[in-house]
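Enquirer: Handing you this structure, nothing more for now.
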Amino acid sequence: MTPSVTVRAAAKVNLHLGVGRLRADGYHPLATVYQTLSVHDDVTVSTSARWNVDLVCEDDIDRASFPTGEDNIVVRAGRLLAAQHGVDRAAEITVRKSIPIAGGLAGGSADAAAALVALDRLWDLQTSDEDLLRLAGQLGSDVPFALVGGTAVGLGRGEIVTRMQDEATRWWVVVPSMVGLSTPAVYHHFDELSPDAPAKVAVPEELVAALADPDNRVLASVLRNDLEPAAIDLRPELGELIEVGERAGALRGIISGSGPTCLFLCSDRGAADRVRTTLLDAGHPRVIIALGPVSGTHVVEYN
Ligand code: ATP
């Protein structure tokens, strides 16, 4: 049997996404609080002479926007890891995808984190956690958080990650959109809408306090995403969806990251079920109940 390793990595929601003014280096300063959700991709790697990427998914995932060659972030992760150790390796990679593509749930980042860990084990490279985090930061600003998981603050471009205490169970209803939204397009529209955005951003104290409170109503009252006005301006139906979910009993509806996935924080399982039923009846084909936070990237199978 060809040796293989399967690693799981979770989707994320931004409980807070504070975005500052565009910097000279082309990045926006971010102050964000991430939380992993129980929606995940599994990445399986096995030894191969050439890079190859396969996708396994349900019909509601947009296959066409999943690159199967060198452009896939899992190959970039593998090449970066091999270069770090000065070895010439390749792998066959299968991504079992449940995280919508281009949905604002950082699915590609989750896959990259999973590929780093899986290939490190497959090739027995014993990369230190510190090096894995550094390589993750080079792959994308959300990749270090995907490694760490749980609930965490992200600073800089989002890649400087510090874990936070969050013992409570958060009930989310996740509503992917069938059509993705381009992250650069949303940031560009943010620049147009917010010329006076501050140069520096910080995570508000109220959010830190809310995370210490198991009552989801408290957390709901402080959720914030600075990209939301831009995303809703580009896709007005997202604003309508948020209204429908909140009328159905969600404590709060928000757009995750640059969207278009909408998330609804609910008081408990019963409320989440009711919101889900309403949104399914309203014609949304995929509505998922998810718990947060869950653990970061971890091995689930080793052959
Ligand atoms: P973020 O929240 O970090 O902006 P996202 O969830 O909006 O991310 P992703 O699903 O990570 O978006 O994908 C963004 C783009 O990256 C896609 O349009 C796709 O073409 C490309 N991509 C490369 N590799 C992958 C991958 N393994 N999974 C998904 N998309 C990938």
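Enquirer: Quick check: anything in segment 26-33 in contact (Cβ under 8 Å) with a residue 60 or more places away in the chain, open to solvent by less than 50 Å² (accessible area, probe 1.4 Å), on the phi < 0 side of the Ramachandran plot and among the β-branched types (Val, Ile, Thr)? Please lay out each step first, then the result.
Expert: Kept after step one, since they are in contact (Cβ under 8 Å) with a residue 60 or more places away in the chain, are these residues of segment 26-33: 27-33.
Checking the rest, the ones that are also open to solvent by less than 50 Å² (accessible area, probe 1.4 Å) come to 28-33.
Next, from what is left, pick out any that are on the phi < 0 side of the Ramachandran plot: 28-33.
Those left that are additionally among the β-branched types (Val, Ile, Thr): 32-33.
The answer is yes; a qualifying residue exists.
Enquirer: Next up: Let me spell it out: the conditions are (1) among the charged types (D, E, K, R); (2) over 23 Å from Arg286 (Cα atoms); (3) out of contact with any helix residue (DSSP H, G or I) (no Cβ under 6 Å at 6 or more places or on another chain), and Asp60 meets all of them except one. Which number is the exception?
Expert: Unmet for Asp60, out of (1) among the charged types (D, E, K, R); (2) over 23 Å from Arg286 (Cα atoms); (3) out of contact with any helix residue (DSSP H, G or I) (no Cβ under 6 Å at 6 or more places or on another chain): (2).
Enquirer: Would you pick out the residues in segment 85-104 that are at pLDDT 95 or above, open to solvent by 10 Å² or more (accessible area, probe 1.4 Å) and in contact with a helix residue (DSSP H, G or I) (Cβ under 6 Å, 6 or more places away or on another chain)?
Expert: Arg89
Enquirer: If you don't mind, another one. Tell me which of these Thr278 doesn't satisfy, since it passes every other one: (1) in contact with a Ser or Thr (Cβ under 6 Å, 6 or more places away or on another chain); (2) more than 29 Å from Ala114 (Cα to Cα).
Expert: (1)
Enquirer: Run down Leu122, Leu132, Leu155, Leu139 and say which single residue is surrounded by fewer than 19 Cβ atoms within 10 Å (Cβ to Cβ), of a type in the set (A, V, I, L, M) and under 30 Å from Ala83 (Cβ atoms).
Expert: Values: Leu122 fails: surrounded by fewer than 19 Cβ atoms within 10 Å (Cβ to Cβ); Leu132 fails: surrounded by fewer than 19 Cβ atoms within 10 Å (Cβ to Cβ); Leu139 fails: surrounded by fewer than 19 Cβ atoms within 10 Å (Cβ to Cβ).
Of the residues listed, the single one that is surrounded by fewer than 19 Cβ atoms within 10 Å (Cβ to Cβ), of a type in the set (A, V, I, L, M) and under 30 Å from Ala83 (Cβ atoms) is Leu155.
Enquirer: Shifting gears a bit: Picking from Ser177, Ser221, which residue would you name as being open to solvent by 30 Å² or more (accessible area, probe 1.4 Å), touching a residue at least 60 places away in the same chain (Cβ under 8 Å) and polar (S, T, N, Q)? Working first, answer last.
Expert: Details: Ser221 fails: touching a residue at least 60 places away in the same chain (Cβ under 8 Å).
Of the residues listed, the single one that is open to solvent by 30 Å² or more (accessible area, probe 1.4 Å), touching a residue at least 60 places away in the same chain (Cβ under 8 Å) and polar (S, T, N, Q) is Ser177.
Enquirer: Give just the number: which of (1) farther than 23 Å from Leu223 by Cα; (2) within 15 Å of the ligand (Cβ to nearest atom); (3) modelled with pLDDT of 95 or more does Ala146 not satisfy?
Expert: (1)
To keep it simple, each residue is scored yes or no on (1) farther than 16 Å from Ala114 by Cβ; (2) touching a Pro at 6+ places or on another chain (Cβ under 9 Å); (3) aromatic (Phe, Trp, Tyr); (4) open to solvent by less than 60 Å² (accessible area, probe 1.4 Å).
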{"site": "Gln35", "(1), (2), (3), (4)": "yes, yes, no, yes"}
{"site": "Asp41", "(1), (2), (3), (4)": "no, no, no, yes"}
{"site": "Asp59", "(1), (2), (3), (4)": "yes, no, no, no"}
{"site": "Ser65", "(1), (2), (3), (4)": "yes, no, no, yes"}
{"site": "Val74", "(1), (2), (3), (4)": "no, no, no, yes"}
{"site": "Leu81", "(1), (2), (3), (4)": "no, no, no, yes"}
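Enquirer: Within segment 33-52, does at least one residue satisfy the condition of being part of a helix (DSSP H, G or I) and either near the ligand (Cβ under 8 Å from one of its atoms) or modelled with pLDDT under 95 (or both)?
Expert: Pass one, segment 33-52, residues part of a helix (DSSP H, G or I): none.
No, that holds for no residue.
The values are calculated or read from the model by the stated rules, or taken from the named source; none is laboratory data. None of these values were measured; they are calculated from a predicted model. Positions of Cβ are generated from backbone atoms using ideal geometry, with glycine treated the same way; all protein chains shown enter the neighbour counts. All accessible areas refer to the heavy atoms of the entire protein, side chains included, with ligands and DNA or RNA removed. Shrake-Rupley method; radii C 1.70, N 1.55, O 1.52, S 1.80 Å.
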